[in-house]
Amino acid sequence: MTKHDDEDGGRTFDQVLLDYRRGGLNMEITAAVNETTQAVLATGKTGKVTIELEITPNGLRMVNMRGLVKTKAPEADVEVGSYFVGRGGGLYRDDPTASKGAAVVSGAADRGEVG
């Protein structure tokens with residue numbers, strides 16, 4: 001039988017956390033923290049792990065608890081590519097309207113070298 005110790009404030013929350021869903025929420029939190037810290041180290045950006053506990057009444061002396069883990073792991077920046085747009089909407093690295101004698105260096109528009 002479970003020991004009831006209301007007189008001294010009850011169980012500590014880490015005991016409840018290990019009991020809730022047979023430790024499932026604790027494992028979710030651990031995985032979320034591990035994944036987020038790896039993403040933070042890989043990107044150098046800030047991440048966040050939020051643990052949300054919803055507690056609702058269930059009778060006179062009982063409550064229901066639902067635990068949710070939300071993460072906001074940072075994402076790596078995606079490389080941007082610049083392209084010229086042809087008359088039909090096609091994308092080109094080199095200006096399709098430039099004469100063949102005038103060479104345009106790929107990526108020159110990114111660096112502000114094309115006038």
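Please list 19-31, 79-91 highest first by mean number of surrounding beta-carbon atoms within 10 Å per residue. Walk me through the numbers on the way to the answer.
Values: 19-31: 14.1, 79-91: 9.8.
Descending packing order for the listed peptides: 19-31, 79-91.
How do R61, R66 rank when sorted from fewest to most other Cβ atoms within 10 Å of their own Cβ? Display every interim value, and only then the final one.
Details: R61 6, R66 12.
The most exposed by this proxy come first: R61, R66.
Residue-normalised convex hull volume from the C-alpha trace of the range 10-72: 82 Å³ per residue.
Quick note: the coordinates plus some simple rules give every number you see, no bench work behind them. Just so it is clear, the structure is predicted and the values come from calculations on it, not from any experiment. Note: ideal-geometry Cβ built from the backbone for every residue, glycine included; neighbour counts use all protein chains shown.
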